[in-house]
1. For region 368-385, what does the Karplus curve 6.51 cos²θ - 1.76 cosθ + 1.60, with θ = phi - 60°, yield as ³J(HN,Hα) per residue in whole Hz, taken in order and with x for Gly and Pro?
2. Arrange D48, D231 by Cβ neighbour counts within 10 Å, fewest through most, would you?
3. Checking the table K71/K287; K128/K345; K287/K388; K120/K170 against a 23 Å threshold on Cα-Cα, which pairs fail?
4. Could you put F43, F161 in order, starting from the residue whose Cβ has the fewest other Cβ atoms within 10 Å?
5. Viscosity 0.692 mPa s, temperature 37 °C: give me the Stokes-Einstein translational D for the chain in µm²/s, with Rh taken as the Kirkwood radius over C-alpha pairs.
6. Rounded to the nearest 5, what is the percent of antiparallel bridges among the DSSP beta bridges in region 321-418?
7. When the label point is put 7 Å from the Cα of R220 along its Cα-to-beta-carbon vector, which residues of region 182-210 have a backbone N closer than 16 Å?
8. If packing is taken as the average count of other Cβ atoms within 10 Å, what order do 307-317, 107-117 fall into, highest mean first?
Amino acid sequence: MEKEVHRVGPVKGELRVPSDKSISHRSIIITSMASGTSSVRNFLRAGDTLTTLNVYRKLGVKIEEDGDVLKVHGVGTTGFTEPDDILDMGNSGTTTRLTMGVLAGQKFFSVMTGDESLRKRPMGRVAKPLSQMNAIIDGREGGNLLPISVRGTGLKGIEFFNKKASAQVKSALLLAGLNAEGETVVQEPFRSRDHTEKMLRAMGADIQIEGGSPYVVSIRKAEKLNPVDIDVPADPSSAAFFAAAAVMIPGSELLLKDVLINPTRDGFFRKLKEMGADIQYMNTREKIGEPVADILVRYSPGLKGVRITGEDVPSMVDEIPIFAMVATQAEGETVITGAAELRVKESDRIKAVVENLRRVGVQVEELEDGMIIKGPQKIKGGSVDSMKDHRIAMAFSILGLISQEGIKIKDADCAYISYPEFYEHLQSVLQK
Ligand code: S3P
């Protein structure tokens, strides 16, 4: 489905964007490994997280829907059942990689596949260390590409350096570590999102964390995990789109409610502040171990270009596309480097951003691991291709709001992967 977004007046009011995707995935995957029933309030109902729900049901986990609460009846760390068919992971890298870690410790056979985008994404980063832990994993290109099969075994712990600071790799190894003899240690150059560690600790796992850079997490085999009650806050990656709109459109003032501001996730908001944006965290509080705030964002003229380096990337990895849209309106140069991981997301996001920016009249220099944008530039408008990537579709929709002639977005409905209500929410904050 194509969408066309035009220049508009200010965005105003309050908005609670949908719940966090990363925590929602984990609220099923990890609680499925508990001994007992966990409850999950405010679970994100979107393409990717519904994939997780279906997959864990196929692995024998009973998940009941009781109003707006999910009841996950955990089966214990080794209690999953062999699926009788291929597991469909849809578009979801998180479901696939974390589940590989879970399946590595289950003594049965399973096969996973996914959509056209997911079948191109590298899984060797998880398959290789899991194989070193003794799991038997195979797939196209020597186990790098879906379809992938896993035959779980008795695992042994390893020490692993997570060079790309991938939270998915770290999480897969920690979940496998719950079923491994000895200690499983993951080191990363910069701390990636730490929801898995937080949840495992809350569930009583034997997990040690040494902060700083490098960041080191170690885990030991768990006899049992306790169930937990989870209340999922709003997703900062979804809030970023509306914050960007408010910052760029004169007269805007928007209150984004109940947003997760975990420092491994709020890099986008911190960078915008560094550029001079008017962003305030209000009513900061804690929600089941995670920091949460209402974020007040106002129109911010005179933004200044900034640098993004490898160290900044993990805490804003999914926000780089929308960040690039804001950079077109900042004075001076914004240089993004150290972001090569973007090339292996739901689409090649460096290419998708650069090519689509050029289509709407923006000059941008492509780098192997990022891009350079000199601003401020006028956004003429035109047609872009979302490449069926939800974050590209939403980023260019927001850019359409400040374009001269409007932006048409091909396959805009892919927003449902993380944010099914995106276009309705956009309508609701636009002034009539
Ligand atoms: C995620 C981790 C990130 C992020 C993805 C969600 C997670 O990927 O891009 O959208 O929930 O663990 P990497 O871990 O591959 O960087």
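1. Values per residue, Gly and Pro as x: 4, 10, x, 6, 10, 10, 9, x, x, 10, 6, 9, 5, x, x, 10, 10, 10 Hz.
2. D231, D48
3. On the way: K71/K287 19 Å; K128/K345 19 Å; K287/K388 33 Å; K120/K170 21 Å.
The pairs that break the limit, which is 23 Å between Cα atoms, are K287/K388.
4. Numbers: F43 28, F161 12.
Lowest count first: F161, F43.
5. Values: Rh = 21.8 Å.
Estimated via Stokes-Einstein, D reaches 150 µm²/s.
6. 70
7. It comes to 182-186, 201, 204-210, nothing else.
8. Top of the packing list down: 307-317, 107-117.
Coordinate-derived values only; no laboratory data. All of these numbers come straight from a predicted model, not from anything done at the bench. Glycine gets a Cβ as well: all are built from the backbone with ideal geometry, and neighbour counts include every protein chain shown.
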